[in-house]
Amino acid sequence: MIVRTLDDTMNGDAHVFAPTWNSRRLLLAGDRMGFSLHDTIIDAGTETRMWYRNHLEAVYCIEGEGTLEDVETGDVHQIRAGTVYALDKHDRHVLRATTQMRMVCVFNPPCTGRETHDENGTYPLLTMADEEQPA
């Protein structure tokens, strides 16, 4: 059984910062659950381009407001507390935060905890074997 709190992730390796967001990784690949679970804060007034070509992601907004643009179609969706979206086709997307947003995110395959977006907005596909390599 795994029991941890959000406070357990703060200010350690499981708390990852990027220019437009910070993510508290609650469950990671090392927990061997088959998915990872993140509590992510998106900064107000920011735009983040993402493309999870190596992962599927489901996102549940629990605070704040913004929009989600599907890069392929140009469709724009309103995102606010109580909205879920799933990137089931490795969709290229742009998240624009009108206010600070708090998102609960699930990734498959699970993230190891070291991932940040590259120039394409993609997380690399890291495995536990990568984690065991010296940095």
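Since residue 57 meets every condition but one in (1) farther than 23 Å from residue 10 by Cβ; (2) touching a strand residue (DSSP E or B) at 6+ places or on another chain (Cβ under 7 Å); (3) at pLDDT 95 or above, which condition does it not meet?
Here residue 57 clears every test but (1).
Considering each residue of the stretch 57-93, count those that are assigned to a loop (DSSP other than H, G, I, E, B) and crowded, with 16+ Cβ neighbours inside 10 Å, and give that number.
Residues that pass the stated criteria total 3.
Select from the stretch 20-39 the residues that are farther than 17 Å from residue 61 by Cα, touching a residue at least 12 places away in the same chain (Cβ under 8 Å) and out of contact with any helix residue (DSSP H, G or I) (no Cβ under 7 Å at 6 or more places or on another chain) and list them in ascending order.
Residues satisfying the conditions are 27, 28, 31, 33, 34, 35.
Test residue 85 against the stated conditions and say whether it is within 15 Å of residue 101 (Cα to Cα) and touching a residue at least 12 places away in the same chain (Cβ under 8 Å).
Yes: the conditions hold for residue 85.
Name the single residue that is farthest from residue 112 (Cα to Cα) among those in the stretch 1-17 being touching an Asp or Glu at 6+ places or on another chain (Cβ under 8 Å) and not in a loop (DSSP other than H, G, I, E, B).
Filtering first and then ranking leaves 6.
The values are calculated or read from the model by the stated rules, or taken from the named source; none is laboratory data. All values reported here derive from a predicted model rather than from experimental measurement. Glycine also receives a Cβ, built like all others from the backbone with ideal geometry; neighbour counts cover every protein chain displayed.
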